[in-house]
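For reference, the structure is listed below as structure tokens.
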Protein chains: 2
Amino acid sequence: MTPQRVTLITLGVADLERSKAFYGALGWTPTREVAGEVVFYQINGMALGFFGLDALAKDQGRPDAKLGTGGMTLAQNFTTDAEVDAAYALALEVGAIALKAPEKVFWGGYSGYYADPDGHVWEVAQNPFWELSADGSLTLPAS
Amino acid sequence: MTPQRVTLITLGVADLERSKAFYGALGWTPTREVAGEVVFYQINGMALGFFGLDALAKDQGRPDAKLGTGGMTLAQNFTTDAEVDAAYALALEVGAIALKAPEKVFWGGYSGYYADPDGHVWEVAQNPFWELSADGSLTLPAS
């Protein structure tokens, strides 16, 4: 059995300082870092780290692989559409790539997408069926 | 300010049933699903979902995009090297693609990588500097 959990999300990036600047402009503060090598942020329940894209390919045992983005995405849920709009606008203001402006979506919520400077995709969403915990973490409602 | 948090990790996949079978063989149980459309698993602090790769590209507002994998990875940390070996062996046994067998690594831990049937990359690791909480979540030590 493999536990149903994740302890670290790693984003491979071309330039650690650029990533720190982008996420810093969103309001994020690094928790730990090894200068020029890796930066970690504490998030709910786990860590999110930035690591050189080439170093990540090498770490995966395939130094010549061209690693891709977009097929795995991260979402931030908010409680109101206005918060979604604000998060999307701020990201674009500080250098995100616009993918889809927030709009009402088929499943009954409100959602937009942007990519960070390395193409890592973030969704910003409001889901009326999912209640956020006071600390911002998410517990799925029972089926 | 955008909160330093993630509420949902989404993996775009070619075949939801194949994904359910693979993660089910690892020991995972779906928390919610809409048959043939999306499957969600509760993990520590957030949800992890599987969604069709084409549907994900469309949802991102770029239906013709060829979404990639490997540049964003997920890690499971364990407390012993033996647990890392067991998790890696089980994954391969149930259809994972071997990337790097677990080995001692430069930062002082023990780590291996495999890819799921869609190429989504998982690291299995033991990090002597990071203590896991009793519930399996991770709080980074202060700098």
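Numerical summary
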quantity: Candidates A:D64, A:D118 - the one that is open to solvent by 40 Å² or more (accessible area, probe 1.4 Å) and either of a type outside the set (V, I, T) or in contact (Cβ under 8 Å) with a residue 40 or more places away in the chain (or both); calculated: A:D64
quantity: Residue in the stretch B:12-19 that is in a loop (DSSP other than H, G, I, E, B) and at the interface with chain A (Cβ under 9 Å from one of its Cβ atoms) present; calculated: no
quantity: Members of the stretch A:64-87 that are under 22 Å from A:L138 (Cβ atoms), hydrophobic (A, V, I, L, M, F, W, C) and within 9 Å of another protein chain (Cβ to nearest Cβ); calculated: A:M72, A:L74, A:A75, A:F78, A:A86, A:A87
quantity: Selection count, the stretch A:50-81, where residues are more than 30 Å from A:E103 (Cα to Cα) and part of a strand (DSSP E or B); calculated: 2
quantity: Residue match in the stretch B:1-21 (condition: closer than 30 Å to A:A86 by Cα, open to solvent by 60 Å² or more (accessible area, probe 1.4 Å) and at pLDDT below 95); calculated: yes
quantity: Some residue of the stretch B:126-134 being within 9 Å of another protein chain (Cβ to nearest Cβ), open to solvent by less than 40 Å² (accessible area, probe 1.4 Å) and among the aromatic types (F, W, Y); calculated: yes
quantity: Of all residues in the stretch A:40-75 being in contact with a Lys or Arg (Cβ under 7 Å, 6 or more places away or on another chain) and of a type in the set (S, T, N, Q), the one that is farthest from B:V6 (Cα to Cα); calculated: A:Q60
quantity: So B:L53, is it at pLDDT 95 or above, open to solvent by 10 Å² or more (accessible area, probe 1.4 Å) and in the same structural domain as B:T31 (by TED's automatic domain parsing); calculated: yes
quantity: Candidate set from the stretch B:104-125 (those that are aromatic (F, W, Y) and part of a strand (DSSP E or B)); member that is farthest from the other protein chains (Cβ to nearest Cβ); calculated: B:Y110
quantity: Condition check for A:N77: buried (at least 22 other Cβ atoms within 10 Å of the Cβ), in contact (Cβ under 8 Å) with a residue 60 or more places away in the chain and of a type outside the set (G, A, S); calculated: yes
quantity: Hits in the stretch B:84-111 - residues which are over 17 Å from A:M1 (Cα atoms) and under 18 Å from the mean Cα position of the chain (by Cα); calculated: B:I97, B:A98, B:L99, B:K100, B:A101, B:P102, B:Y110, B:S111
quantity: Flag if A:T2 is under 19 Å from B:T7 (Cα atoms) and either in a strand (DSSP E or B) or not assigned by TED's automatic domain parsing to the domain that holds A:E131 (or both); calculated: no
quantity: Total residues in the stretch A:22-43, condition over 13 Å from the mean Cα position of the chain (by Cα), more than 10 Å from chain B (Cβ to nearest Cβ) and either surrounded by 15 or more Cβ atoms within 10 Å (Cβ to Cβ) or not small (G, A, S) (or both); calculated: 1
quantity: Test result for A:A87, closer than 23 Å to B:A57 by Cα, among the aliphatic types (A, V, I, L, M) and open to solvent by less than 20 Å² (accessible area, probe 1.4 Å); calculated: yes
quantity: Residues satisfying the stated conditions in the stretch B:91-103, i.e. surrounded by fewer than 17 Cβ atoms within 10 Å (Cβ to Cβ) and assigned to a helix (DSSP H, G or I); calculated: B:L92, B:E93
quantity: Yes/no for A:L90 being under 23 Å from B:E33 (Cα atoms), of a type in the set (A, V, I, L, M, F, W, C) and within 8 Å of another protein chain (Cβ to nearest Cβ); calculated: no
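The values are calculated or read from the model by the stated rules, or taken from the named source; none is laboratory data. Owing to the predicted nature of the structure, the values given are computational and were not obtained by experimental measurement. When we count neighbours, we look across all protein chains shown, and the Cβ atoms used for this are built from the backbone with ideal geometry, even at glycine. Ligands, DNA and RNA are excluded from the accessible area calculation, which covers all protein heavy atoms including side chains. Shrake-Rupley method; radii C 1.70, N 1.55, O 1.52, S 1.80 Å.
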